[in-house]
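What follows is one structure encoded as C-alpha coordinates, with my remarks underneath.
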Amino acid sequence: GLELSHCVGTNSLGPAGPWRSGGPCKMKRVRTVFKPEQLERLEQEFLKQQYMVGTERVDLAATLHLTETQVKVWFQNRRIKWRKQSMEQKAAKLSQFGVIQPASADSTDSKEEHEEDPVDVEL
(Lines give C-alpha, C1' and ligand atoms only; values in the text may rest on other atoms or scores of the structure.)
Protein backbone atom coordinates (compact mmCIF):
# COMPACT_ATOMS: atom_id res chain seq x y z
CA GLY A 1 0.00 0.00 0.00
CA LEU A 2 0.86 3.64 -0.01
CA GLU A 3 2.76 5.20 2.82
CA LEU A 4 1.15 8.54 3.60
CA SER A 5 2.47 11.41 5.65
CA HIS A 6 0.40 13.46 8.06
CA CYS A 7 -1.79 16.33 6.91
CA VAL A 8 0.13 19.00 5.06
CA GLY A 9 -0.25 22.61 6.14
CA THR A 10 -3.38 22.27 8.27
CA ASN A 11 -4.45 21.33 11.78
CA SER A 12 -7.42 19.21 10.81
CA LEU A 13 -9.13 16.77 13.13
CA GLY A 14 -7.92 13.71 11.30
CA PRO A 15 -6.28 12.51 8.11
CA ALA A 16 -8.36 12.06 5.00
CA GLY A 17 -8.52 8.66 3.35
CA PRO A 18 -5.89 8.12 0.63
CA TRP A 19 -8.52 8.18 -2.13
CA ARG A 20 -10.79 10.95 -0.82
CA SER A 21 -10.44 14.15 -2.79
CA GLY A 22 -10.91 17.68 -1.56
CA GLY A 23 -11.18 18.77 2.05
CA PRO A 24 -8.68 20.81 4.05
CA CYS A 25 -6.29 17.89 4.56
CA LYS A 26 -4.07 16.92 1.63
CA MET A 27 -2.16 13.69 2.01
CA LYS A 28 1.29 13.39 0.51
CA ARG A 29 2.90 10.09 -0.37
CA VAL A 30 6.18 9.46 1.44
CA ARG A 31 9.10 9.16 -0.97
CA THR A 32 10.69 5.71 -0.97
CA VAL A 33 14.32 5.82 0.12
CA PHE A 34 16.20 2.86 -1.30
CA LYS A 35 19.13 1.25 0.51
CA PRO A 36 22.47 1.26 -1.38
CA GLU A 37 22.29 -2.55 -1.74
CA GLN A 38 18.81 -2.30 -3.26
CA LEU A 39 19.92 0.38 -5.73
CA GLU A 40 22.97 -1.65 -6.73
CA ARG A 41 20.82 -4.70 -7.49
CA LEU A 42 18.19 -2.63 -9.31
CA GLU A 43 20.92 -1.05 -11.48
CA GLN A 44 22.40 -4.51 -12.23
CA GLU A 45 19.01 -5.75 -13.37
CA PHE A 46 18.44 -2.60 -15.44
CA LEU A 47 21.73 -3.16 -17.29
CA LYS A 48 20.47 -6.63 -18.27
CA GLN A 49 17.00 -5.48 -19.31
CA GLN A 50 15.24 -2.12 -19.26
CA TYR A 51 11.80 -3.67 -18.75
CA MET A 52 10.99 -5.94 -15.82
CA VAL A 53 7.58 -7.61 -15.86
CA GLY A 54 5.62 -10.47 -14.37
CA THR A 55 7.24 -13.01 -12.10
CA GLU A 56 10.69 -11.47 -12.56
CA ARG A 57 9.44 -8.22 -11.00
CA VAL A 58 7.64 -10.09 -8.21
CA ASP A 59 10.77 -12.14 -7.43
CA LEU A 60 13.06 -9.10 -7.47
CA ALA A 61 10.69 -7.16 -5.19
CA ALA A 62 10.59 -10.05 -2.72
CA THR A 63 14.37 -10.44 -2.78
CA LEU A 64 14.90 -6.73 -2.10
CA HIS A 65 12.06 -6.50 0.48
CA LEU A 66 10.21 -3.97 -1.68
CA THR A 67 6.70 -3.93 -3.10
CA GLU A 68 6.14 -4.85 -6.73
CA THR A 69 4.90 -1.28 -7.30
CA GLN A 70 8.12 0.19 -5.91
CA VAL A 71 10.17 -1.92 -8.34
CA LYS A 72 7.85 -1.05 -11.24
CA VAL A 73 8.06 2.69 -10.57
CA TRP A 74 11.84 2.53 -10.06
CA PHE A 75 12.18 0.93 -13.53
CA GLN A 76 9.87 3.54 -15.08
CA ASN A 77 11.91 6.37 -13.57
CA ARG A 78 15.21 4.73 -14.53
CA ARG A 79 14.09 4.39 -18.17
CA ILE A 80 13.28 8.11 -18.24
CA LYS A 81 16.76 8.90 -16.87
CA TRP A 82 18.33 6.50 -19.40
CA ARG A 83 16.51 8.12 -22.35
CA LYS A 84 17.51 11.60 -21.16
CA GLN A 85 21.16 10.53 -20.89
CA SER A 86 21.00 8.98 -24.38
CA MET A 87 19.59 12.20 -25.85
CA GLU A 88 22.29 14.28 -24.13
CA GLN A 89 25.03 11.98 -25.46
CA LYS A 90 23.65 12.25 -29.00
CA ALA A 91 23.45 16.03 -28.70
CA ALA A 92 27.05 16.17 -27.45
CA LYS A 93 28.27 14.05 -30.39
CA LEU A 94 26.39 16.19 -32.90
CA SER A 95 27.72 19.43 -31.44
CA GLN A 96 31.24 17.96 -31.52
CA PHE A 97 30.90 17.69 -35.31
CA GLY A 98 29.22 21.09 -35.64
CA VAL A 99 25.83 19.66 -36.51
CA ILE A 100 22.93 21.77 -35.31
CA GLN A 101 19.97 19.80 -34.04
CA PRO A 102 16.58 20.56 -35.57
CA ALA A 103 14.01 22.36 -33.45
CA SER A 104 11.80 20.13 -31.36
CA ALA A 105 8.27 19.30 -32.47
CA ASP A 106 6.95 21.35 -29.56
CA SER A 107 8.45 24.58 -30.87
CA THR A 108 6.30 27.27 -32.46
CA ASP A 109 8.53 27.36 -35.55
CA SER A 110 6.52 24.70 -37.37
CA LYS A 111 3.28 26.59 -36.72
CA GLU A 112 4.76 29.87 -37.96
CA GLU A 113 5.97 28.26 -41.17
CA HIS A 114 2.43 27.24 -42.04
CA GLU A 115 1.10 30.69 -41.22
CA GLU A 116 3.67 32.37 -43.48
CA ASP A 117 2.75 30.33 -46.56
CA PRO A 118 0.95 32.54 -49.08
CA VAL A 119 -2.64 31.62 -49.75
CA ASP A 120 -4.26 32.45 -53.08
CA VAL A 121 -7.93 33.20 -52.72
CA GLU A 122 -10.12 33.99 -55.68
CA LEU A 123 -12.77 36.60 -55.00
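I'd like the carbon and sulfur percentage of the solvent accessible area for the range 36-94, probe radius 1.4 Å, heavy atoms only, ligands and nucleic acids excluded. Walk me through the numbers before you get to the answer.
Numbers: 2340 of 4180 Å².
Reported share for carbon and sulfur atoms: 56 percent.
Taking only the alpha-carbon positions of the range 36-94 and ignoring solvent, what does the Debye formula give for the base-10 log of I(q)/I(0) at q = 0.14, 0.19 Å⁻¹?
-0.41, -0.66
The values are calculated or read from the model by the stated rules, or taken from the named source; none is laboratory data. A quick note: this is a predicted structure, and the numbers were derived from the prediction, not measured. For accessibility, only protein heavy atoms count, side chains too; no ligands or nucleic acids. Shrake-Rupley method; radii C 1.70, N 1.55, O 1.52, S 1.80 Å.
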